[in-house]
Amino acid sequence: MPAVIPTTSAAKRTVAECDAIMTAPGSPLEMIDTIIDGQKHKAWKHNPQTYRDYLTPLFMGWKDRVFLSSPLPEPAEYDDREHVTYGQVYGRAVQSAAWLRSKGVGYGDRVAVGGGNSTGWVVSWLAILLIGASPVLLNATLTDDAQVHCLGVCTPKLVLVDSKMAQQLAHLTVKLRAKNVGPVWCWSSAAHLDNVRDNVSEIRDVSAQLVNDVLQGRGGGVEQLDGDSDGIIFFTSGTTGYPKAVLSTQRAQLHVVLSGLVPHVRALLRAGGNLADLAMPTEQSTTLLSIPLFHASGCLSTLIAAIKAGGKLVFQRRWSVPDAIKLILAEKVGTIGGVPAIATAILQSPLLPKTHQFASVGYGGAPPAKRLASDLNSRFPNAVVGQGWGMTETNAPHCNVNGQDYLERPTSIGPVLPICQIKIVDPETRKELPQGQAGIILARGPNIMKGYLNNPQATAEVLQNGWMDTGDVGLIDPDGFVHLSDRHKDIIIRGGENIASLEVENAVAQDDRVAEVAAVSVPDDVLGELVGVAVSLAPGAEATEASIIHNVIPHLRYPARPVIALVLADPLPRNANGKIVKADVRKLVRAAYAEKAPRAKL
């Protein structure tokens, strides 16, 4: 990372010139040609191959540094916290890894991890990786049916959770066993939870021999571990309504180690600097991580990046602006971000002292307001402000930008990473479109997923000849910067949380008064988008907006709950093929929401 990035509105080099310099032979970002699944790709020459080989020396190197400021597990008081070092986390992870080995878990097995951001979550995640198994990261906000679906798709050998998630899964164990899901274990005490004791067990001590095996990297098949081994399994929402399990190799996911440096190096070179000006930071950075670790942006873009630099992460028990400000001041946080909504909320909060400055503000996962970059720059003039774009399927960033380039192009997601490709195609013909013309964004690179686990049909629909159909609409400008203009999918992105329209529609349709329903997004200055629905009623039925929303609340996780329900006297707009025209529905719902003009709260 550059020590100082000079700012100038007149770039001294083109993006192509910068990329040629940063990827030249001998550079830390040197590229090589490689073959993946029969396809030729560019890749980082020094790309880490496995999590175990990459993370172990880092945890040892930073062992005396504080790594996590984390809430203590329930039933601790809300504000009770612990501060643990890299060495302590690694030591606990080795113990947990040995315990996993004692339960028969080894190379290639899958182990689910569920719960809020915490020391226990990170310890479990690391333990699984140390023995060559694959962590399955559960979305802690999902409904019971969705959790059963996700676990049933992955059939993990074990499920490791915190006490809060243990409460949810305790009454689902019969359904989970029927889907060949292994037993549920709790990494924190569940003694205070009566309904958990019969169905969830607590982790116990293990033998010294197994601990030594983990430290030495032997046994359980871990010797087979390489870059093509299965990595972390994330879940992403799709048009099916249920999340899909995204499977990637460890090498593909670890591209983030070097890809995360690209926007900083580009900014330095664009401003006229040289690679010799690059310097590692001398002081430990402290980052407030308010987004879930079960998202690729939280796990890959933030957790992995922090470990690389020996940084400190500060976790919140739940998102709250006052709590965030309190932690920012108490922990001397210098980096914030995650999704634009978090940066916006902190920027607008009167609780943040005018004297507090950040060193870095970065985000992705949702479209930011056009003015956000300049607003942040005005309030925090010394901060490096940037954003990245990618998907769970691209293992976080595929494009990224920061500094002056972002300030001058606030609608851009940046140039594509040097190891990656993007092309814009016509949605119907699939032919590549000329520069400057909007179309479907296809993405290609060594960072792309292997596929959706146990879902070959869905995989075939989005992956063809190495190209990933992102479902997003955008264009490439003459300078090589990519701009998003719309999304082709019917996914609503609320503060970085993907919400499938069918998830909402299926829940609303459980109301017998509803004849048909369409879920669409409505704009929000803070979260980017919120959920809105339009419904037509069954003959003779009567319903109000309030009653529709009231009835659907028990069936939806909090982010997916609609803020408006437009009840129409006529059937929903349809085309000649009988399909609901979402664009027309969106106009109606957004117009009604604009009249209602609520102030969304985080």
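Of note:
- Looking across the range 437-478, just one residue is in a loop (DSSP other than H, G, I, E, B), more than 18 Å from ILE419 (Cα to Cα) and among the charged types (D, E, K, R), and that is ASP477.
- Within the range 192-216, the residues that satisfy the criterion of being in a loop (DSSP other than H, G, I, E, B), surrounded by 13 or more Cβ atoms within 10 Å (Cβ to Cβ) and either at pLDDT 75 or above or under 31 Å from the mean Cα position of the chain (by Cα) (or both) are LEU193, VAL196, ASN199, ILE203, VAL206.
- Residue, surrounded by the fewest Cβ atoms within 10 Å (Cβ to Cβ), within the range 316-337, restricted to residues that are in a helix (DSSP H, G or I) and hydrophobic (A, V, I, L, M, F, W, C): ALA330
- Number of the condition not met by ILE422 [criteria: (1) part of a strand (DSSP E or B); (2) surrounded by fewer than 19 Cβ atoms within 10 Å (Cβ to Cβ); (3) among the β-branched types (Val, Ile, Thr)]: (2)
- Selected residue (only one of GLY445, GLY496, GLY474 is closer than 24 Å to ASP525 by Cβ and either modelled with pLDDT of 95 or more or assigned by TED's automatic domain parsing to the domain that holds VAL585 (or both)): GLY496
- Residue satisfying all of: in the range 78-133; buried (at least 21 other Cβ atoms within 10 Å of the Cβ), without any contact (Cβ under 8 Å) to a residue 40 or more places away in the chain and among the small types (Gly, Ala, Ser); nearest to THR249 (Cα to Cα) among these: ALA133
- Residues satisfying the stated conditions in the range 317-344, i.e. closer than 14 Å to LEU289 by Cα and either modelled with pLDDT under 95 or assigned by TED's automatic domain parsing to the domain that holds SER118 (or both): ARG317, ARG318, TRP319, SER320, VAL321, GLY337, GLY338, VAL339, PRO340, ALA341, ILE342, ALA343
- A single entry from LEU300, LEU313, LEU293 fulfils the requirement of being crowded, with 22+ Cβ neighbours inside 10 Å, at pLDDT 95 or above and in a loop (DSSP other than H, G, I, E, B): LEU293.
- Residues in the range 506-547 that are buried (at least 23 other Cβ atoms within 10 Å of the Cβ) and free of Cβ contacts under 8 Å to residues at least 60 places away in the same chain: ALA507, VAL508, VAL517, ALA519, VAL531, VAL533, ALA534, VAL535.
One line per residue, one yes/no per condition, for (1) touching a residue at least 12 places away in the same chain (Cβ under 8 Å); (2) among the aliphatic types (A, V, I, L, M); (3) farther than 24 Å from ARG494 by Cα:
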site	(1), (2), (3)
ALA359	yes, yes, yes
GLY362	yes, no, no
ALA373	yes, yes, no
ASN382	yes, no, yes
ASN400	yes, no, no
TYR406	yes, no, no
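- Just one of the listed residues (VAL181, VAL153) is among the β-branched types (Val, Ile, Thr), in a helix (DSSP H, G or I) and either surrounded by 21 or more Cβ atoms within 10 Å (Cβ to Cβ) or modelled with pLDDT of 95 or more (or both), and it is VAL153.
- Residue in the range 393-410 that is assigned to a loop (DSSP other than H, G, I, E, B) and at positive phi present: yes
- Candidates ASP144, ASP228, ASP162, filtered to the one that is under 20 Å from ALA507 (Cβ atoms), modelled with pLDDT of 90 or more and charged (D, E, K, R): ASP144
- Residue in the range 561-571 that is more than 23 Å from GLU595 (Cα to Cα) and either of a type outside the set (Phe, Trp, Tyr) or in the same structural domain as PRO397 (by TED's automatic domain parsing) (or both) present: no
- Test for PRO367: is it within 27 Å of THR56 (Cα to Cα) and not in a helix (DSSP H, G or I): no
- Residue, modelled with the highest pLDDT, within the range 575-602, restricted to residues that are surrounded by 13 or more Cβ atoms within 10 Å (Cβ to Cβ) and more than 25 Å from GLU497 (Cβ to Cβ): ASP584
- Criterion (closer than 29 Å to PRO446 by Cα, of a type in the set (Ser, Thr, Tyr) and in contact with a Ser or Thr (Cβ under 7 Å, 6 or more places away or on another chain)) met by exactly one of THR23, THR50, THR14: THR50
- Residues of the range 243-260 satisfying the condition of being of a type outside the set (S, T, N, Q) and either surrounded by 20 or more Cβ atoms within 10 Å (Cβ to Cβ) or out of contact with any helix residue (DSSP H, G or I) (no Cβ under 9 Å at 6 or more places or on another chain) (or both): PRO243, LYS244, ALA245, VAL246, LEU247, ARG251, ALA252, LEU254, HIS255, VAL256, LEU258, GLY260
- Checking each residue in the range 274-290 for being surrounded by fewer than 20 Cβ atoms within 10 Å (Cβ to Cβ) and touching a strand residue (DSSP E or B) at 6+ places or on another chain (Cβ under 9 Å) picks out ASP277, LEU278, ALA279, GLN284, SER285.
- Some residue of the range 452-464 being closer than 27 Å to GLU30 by Cβ and out of contact with any Pro (no Cβ under 8 Å at 6 or more places or on another chain): no
The values are calculated or read from the model by the stated rules, or taken from the named source; none is laboratory data. These numbers come from a predicted model, not from an experiment. With ideal geometry, Cβ positions are generated from the backbone for all residues, glycine too; neighbour counts draw on all protein chains shown.
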